[in-house]
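Read through the structure below, which is laid out as C-alpha cells, and then see the notes.
The values are calculated or read from the model by the stated rules, or taken from the named source; none is laboratory data. Since the structure is predicted, the reported quantities are computational estimates derived from the model, not experimental observations. Using ideal geometry, Cβ is built from the backbone for each residue, glycine included, and neighbour counts are taken over all protein chains shown.
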Amino acid sequence: MANNILAFAESRGGDLRKVAYEAVTAARALADATGGEVHAVVAGPSGITAKAGALGTYGADAVTVVEHPAFADYNPEALAAFVAERAKGGGYRVVVLIASAQGKDLAPRVAGKLGVPLASDLTTIRLDGDKVVGTHPVNTGKVIATVTLTANPAVVSLRPGAVTAAEKPRTARIETAAPAGDPAASRVKVTQTIAGNTAKLDLGDAPVIVSGGRGLKAAENFKLVEELAAAFGNAAVGATRAVTDDGWRPHSDQIGQTGRQVSPNLYVAVGISGAIQHLAGMRTSKTIVAINKDPEAPIFKVADYGIVGDVLEVVPALTAAVKAAKGH
Ligand SMILES: Cc1cc2nc3c(=O)[nH]c(=O)nc-3n(C[C@H](O)[C@H](O)[C@H](O)COP(=O)(O)OP(=O)(O)OC[C@H]3O[C@@H](n4cnc5c(N)ncnc54)[C@H](O)[C@@H]3O)c2cc1C
C-alpha cells in the first residue's frame, strides 16, 4: 500500500492561496499516520516556483511545480491532466484538494481521469487501516455522513477552513515539471475574470467573518458590520440571503446553502435568525458568536457565545471592545 500523500496547492494570480497551506496541512497529518511523504503540486505562471518553498513550512517534503503562461488563470483541462498524471506517477495513498470554487471544479475532473470515486467537501479526514474515512455534512448540515473510501488513490476535497493551516517546517525538494500536453491548446479558456468581492479578504480566506442579517434593519446599518470587521483586522463581511435579495449586499457575500460555505475560526452572526439554509453555510465554523434580540432565535442553538440584545447597540460596543483589546 502506498504511503505518500499528494496535495494540490492552489494558486491565483501567481500567488499561493491560503487553501494551498490547508491542503498541505491535511496531507501532512495523513502522511504522519502512514509514515510517508507529502508531495505538493503547484501550477502557475512564470515566477510561481519562487513561492513553492513556502509549502515546506507546512509540511511538504517535495513540491512539483509547472510554470506556463496558460496557468496564469484557472485552466481546468490542463490542470486536471497535470494533477492526474502526478497522481498516477507517484502511487499515492490519498490525493487532497480543497473544495474552493476552483477545487470543486478540479477534484471531480482529477478523480474522473484516475477512474476513482471522489469524496467531496469533507470536514474531517483520517486513515483507518486500508481505508480513508471522512465526514461530510448533508441535508443542509443537519446530518453528518461518514464516508469510507477503499479506492487507490482516494481522491478527497476538504471544505475550505475545515483544516487550519499549521506550520510543520521542513526544507521541501522543489522539482519543476512539464505540463501534461499543451495547456495553451485547452478547449476551455478563461477569457475574463470579474472580481465579485472587492474586499481585501475573500470569505474563503478570512479567519474571521462578521455576517449581517435582516436584524440590521437597513442597508446603511451594515456599516456597523464593516466597522466590527475592520476592528478585527483579519475579517471579511458576509450576509444572509434575505439581505442579498434585498440588495443591501452583493450576492457574492451570501453565506448558506445557495451561497458560500465557510468554516472560519470565528463567525459573528449579527441580526441573523439562523434559518437552516443559512446554517448550512456556516455551522462548521470553529467558534460562533450570535447577536440577536430574540433569545429563542435558532442561531443560538449553534452558537458558542450568544448576546441577547439590539444589534444597533451591541455591535458598536463590541467594536469598541475589540479595538481596545487590539490596542487601536
Ligand atoms: C431554497 C432556499 C435557499 C436558501 N438559501 C439561503 C442561503 O444560502 N443563505 C441564507 O442566509 N438564507 C437562505 N435562504 C433563506 C433563509 O430561509 C432565510 O430566509 C434567511 O436566511 C433569513 O435571513 P435573516 O436571518 O437575515 O432574516 P430573518 O430570518 O428575518 O431574521 C432576522 C433576525 O434578526 C433579529 N433581529 C431583528 N431586529 C433585531 C435587532 N434590532 N437586534 C438584534 N436582532 C434583531 C430577529 O430576531 C431575527 O432573528 C434560502 C431559502 C430557501 C427557500
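Before moving on, here are some points about what is shown:
- Meets criteria (more than 22 Å from TYR305 (Cβ to Cβ), surrounded by 22 or more Cβ atoms within 10 Å (Cβ to Cβ) and not small (Gly, Ala, Ser)) for ASP253: yes
- The residue of segment 47-66 that is nearest to THR25 (Cα to Cα), among those that are touching a residue at least 24 places away in the same chain (Cβ under 8 Å) and small (Gly, Ala, Ser), is GLY59.
- Considering residues of segment 21-69 that are acidic (Asp, Glu) and more than 21 Å from the chain's Cα centre (by Cα) only, the residue surrounded by the fewest Cβ atoms within 10 Å (Cβ to Cβ): ASP32
- Residues in segment 214-250 that are hydroxyl-bearing (Ser, Thr, Tyr) and crowded, with 21+ Cβ neighbours inside 10 Å: THR240 only.
- Every residue from segment 276-294 that is near the ligand (Cβ under 9 Å from one of its atoms) and surrounded by fewer than 18 Cβ atoms within 10 Å (Cβ to Cβ): ILE276, GLN277, LYS293, ASP294
- Selection count, segment 115-134, where residues are in a strand (DSSP E or B) and surrounded by fewer than 17 Cβ atoms within 10 Å (Cβ to Cβ): 4
- Residues of segment 232-243 that are more than 8 Å from the ligand (Cβ to nearest atom) and closer than 20 Å to ALA101 by Cα: ALA235, ALA236, VAL237, GLY238.
- In segment 266-318, the residues that are within 11 Å of GLY212 (Cα to Cα), of a type in the set (Ser, Thr, Tyr) and assigned to a loop (DSSP other than H, G, I, E, B): SER273
- Matching option when the condition is in the same structural domain as PRO45 (by TED's automatic domain parsing) and not charged (D, E, K, R), among LEU97, LEU203: LEU97
- Which numbered condition ARG241 fails, given (1) over 19 Å from THR319 (Cα atoms); (2) modelled with pLDDT under 95: (2)
- Residues within segment 62-79 that are assigned to a helix (DSSP H, G or I) and out of contact with any Asp or Glu (no Cβ under 9 Å at 6 or more places or on another chain), tallied: 4
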